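Structure first, commentary second.
The values are calculated or read from the model by the stated rules, or taken from the named source; none is laboratory data. Since the model is a prediction, treat every value here as computed from it, not as a measurement. Positions of Cβ are generated from backbone atoms using ideal geometry, with glycine treated the same way; all protein chains shown enter the neighbour counts.
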Amino acid sequence: MANIQKENLEILLNKQRSVKITIGVSGGMILLVFFFTFAMLVDKAPAAFFIAETIISILIFVSFFTLNKLSFAWIKKTKGKKPEFQDIIPKLKQSDVDAKLDKVFERITS
């Protein structure tokens with residue numbers, strides 16, 4: 001039974017890592033596009049586009065500091081109802097994604 005839980009824990013942590021990377025890369029790409037379109041928006045577009053781009057840029061920048069929280073919330077939402085993960089998810093912390101699998105497994109089972 002412990003192996004099955006460790007495998008399920010590994011699945012959850014790997015999925016959380018991939019979600020974290022996906023959010024970070026997507027945000028970075030959006031900021032890169034915004035960087036190259038900034039001058040065009042200032043010169044030719046209405047002020048509303050510039051304001052929207054600025055607000056979105058700030059939100060994306062702040063999201064970089066909350067990637068663990070965002071990816072953990074996504075995992076809870078998508079995997080929380082599956083029976084194989086229901087006993088593991090309540091014991092996990094947001095910061096477990098950065099820890100080693102064995103340490104997380106040891107903390108959860110003790």
Check your understanding: at pLDDT below 95, within 30 Å of Asp87 (Cβ to Cβ) and surrounded by fewer than 13 Cβ atoms within 10 Å (Cβ to Cβ): does that describe Asn8?
Key -> no
Practice item. Among the candidates Ala99, Ala45, Ala73, Ala52, single out the residue that is closer than 14 Å to Leu9 by Cβ and of a type in the set (Gly, Ala, Ser). Key: Ala99
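Conditions (1) modelled with pLDDT under 95; (2) buried (at least 16 other Cβ atoms within 10 Å of the Cβ); (3) assigned to a loop (DSSP other than H, G, I, E, B), marked per residue:
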{"residue": "Gln16", "(1), (2), (3)": "yes, yes, no"}
{"residue": "Gly24", "(1), (2), (3)": "no, yes, no"}
{"residue": "Gly27", "(1), (2), (3)": "no, yes, no"}
{"residue": "Thr37", "(1), (2), (3)": "yes, no, no"}
{"residue": "Glu53", "(1), (2), (3)": "yes, yes, no"}
{"residue": "Ser71", "(1), (2), (3)": "yes, yes, no"}
{"residue": "Thr78", "(1), (2), (3)": "yes, no, no"}
Check your understanding: Among the candidates Phe49, Phe34, Phe65, Phe61, which residue alone is touching an Asp or Glu at 6+ places or on another chain (Cβ under 6 Å) and either touching a residue at least 12 places away in the same chain (Cβ under 8 Å) or at negative phi (or both)?
Key -> Phe34
Practice item. Exactly one condition in (1) assigned to a helix (DSSP H, G or I); (2) closer than 30 Å to Asn8 by Cα; (3) among the aromatic types (Phe, Trp, Tyr) is not met by Phe85; state its number. Key: (1)
Review point. Looking at segment 36-95, which of the residues that are more than 12 Å from the chain's Cα centre (by Cα) and among the aromatic types (Phe, Trp, Tyr) is nearest to Gly24 (Cα to Cα)?
Key: Phe61
Check your understanding: Taking only pairs six or more apart or across chains, which ones have beta-carbon atoms under 8 Å, a first residue in segment 8-29 that is within 14 Å of Ala73 (Cα to Cα), and a second residue that is not in a helix (DSSP H, G or I)?
Key -> Leu12/Phe85; Leu12/Ile88; Leu12/Leu92
Review point. Could you say whether any residue in segment 94-105 is touching an Asp or Glu at 6+ places or on another chain (Cβ under 9 Å) and among the aliphatic types (A, V, I, L, M)?
Key: yes
Practice item. Identify, from the list Lys82, Lys76, Lys44, the residue that is of a type outside the set (A, V, I, L, M, F, W, C) and more than 28 Å from Ile108 (Cα to Cα). Key: Lys44
